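The values are calculated or read from the model by the stated rules, or taken from the named source; none is laboratory data. Since the structure is predicted, the reported quantities are computational estimates derived from the model, not experimental observations. Quick reminder, even Gly has a Cβ in these numbers, built from the backbone with ideal geometry, and neighbours come from all protein chains shown. Please note that ligands, DNA and RNA were not included when accessible areas were found on the heavy atoms of the full protein model with its side chains. Shrake-Rupley method; radii C 1.70, N 1.55, O 1.52, S 1.80 Å.
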Amino acid sequence: MNTGLKANVMLLIVTMFWGSSYLFMKMGLTDVQEFNLIALRFGLAFILSGIVFHRRLIHADFKTVKYAFWQGTILFLVFAAITFGVKSTSVSNAGFLVSLTVVFVPLLIALRYRKMPENRVIVGVFLALTGIGLLTLTSRFVISSGDLLCILGALMYAIHIVVTGKLTKNVDSLTLGILQLGFAGAWGLVFSALLEQPQLPETADAWVSVLGLSLFCSAFGFIVQTAAQKYTTPTHTGLLFSLEPVFAAWFAFAFAGERLTLQGYAGAGLVLLSVLAAQIDIKKILRKPGFHKSSAESQSNSIAG
């Protein structure tokens, strides 16, 4: 197995863990309050990542810490919206709606540089809006508060990605990423202390939820993503990450017994198509040297066969 394929396999595993995170959140919220769950998730992830990469943290400069504070603050807002959203919507809906981040990112970049989005992004937005309508609207044309919060979480996550791209240019990205976990967990602890009663999980399901979110979805996911992306292409990364809602729906079906309606499946399919449409540049693929040649060869072979 070559290095690129190994990287793609590891990113696929990360995507699977991220898909499971919505089910873990749903499980944890039966025993732990929202801000408390955020504090435990990112606090434990920060401690584990800090132990593994303690030498990098020791040498972190003020600029990195400052950037990590802002990154951690945005990350906290992202997961505050998603965690509250998951509590009042289905795991499947949450997974598909949060995946809209991929559509929001190019829109935000287009707004930042004051230029029209690419055609593929416009197509993705149209498919996304149609899919959201089918996935979330009731017979009274009302979207639940949980679905709206998940869409807000996707928008905030897109902002986080755009800001990250700007801030990581002049600092150590791995140190920045680890420190942001700590700040996100700290914000969760502050709000939990002010608005809730912070506590450790008291049931086995809650502990499974917290450990799954902190160890696999946050610490492992972040470290492996950072390492693996060096050995694969952005296109492969984006396509693999687009499978996150598919894994979320599978985990919801397998372990929570969730089933979408026919309308819901149609909406979920359109949302997934919107993510792929925004991610794949068909024209660029067609312009690649050798594409037409290989296409002609394959057609010749099929005719010969």
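Summary table below
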quantity: Where labels lie 7 Å past Cα in the beta-carbon direction, separation of V163 and K230 in nm; calculated: 2.7
quantity: Solvent accessible area, Å² - H54, 1.4 Å probe, full protein context; calculated: 90
quantity: Nearest-ten-degree value, helix 119-136 long axis tilted from longest Cα axis of the chain; calculated: 60
quantity: Where the chain is the region considered: accessible area per residue in Å², 1.4 Å probe; calculated: 52
quantity: Under Karplus coefficients 6.51, -1.76 and 1.60, residue-wise ³J(HN,Hα) of segment 255-261 in Hz, glycine/proline x; calculated: 10, 10, x, 6, 9, 7, 6
quantity: In nm, spacing of pseudo-spin labels at V190 and R55 (7 Å Cα→C-beta vector); calculated: 3.3
quantity: Carbon/sulfur fraction of accessible area - the chain, other protein chains in place, 1.4 Å, %; calculated: 68
quantity: In degrees, nearest ten, helix 62-87 long axis to first principal axis of the chain (Cα); calculated: 80
quantity: Helix 101-112 axis, angle to the chain major axis (alpha carbon atoms, nearest 10°); calculated: 90
quantity: Dmax and Rg, reported as Rg then Dmax, of the chain (C-alpha, Å); calculated: 20.3, 73
quantity: Residues of type aspartates and glutamates that K169 reaches as a straight line, Cα spacing below 17 Å, ignoring anything fewer than 8 places off in the same chain; calculated: D61
quantity: Accessible area of W250 in the full protein assembly, 1.4 Å probe (Å², nearest 10); calculated: 130
quantity: Sum of -39500 (n - 2.57) over DSSP H runs of 4+, divided by residues of the chain (222 nm, nearest 500); calculated: -25000 deg cm²/dmol
quantity: Between segment 6-26 and segment 235-279, the alpha-carbon center distance in angstrom; calculated: 13
quantity: In sequence order, calculated HN-Hα J values of segment 227-233 (Karplus, 6.51, -1.76, 1.60; Hz; x Gly/Pro); calculated: 6, 6, 5, 6, 10, 9, 8
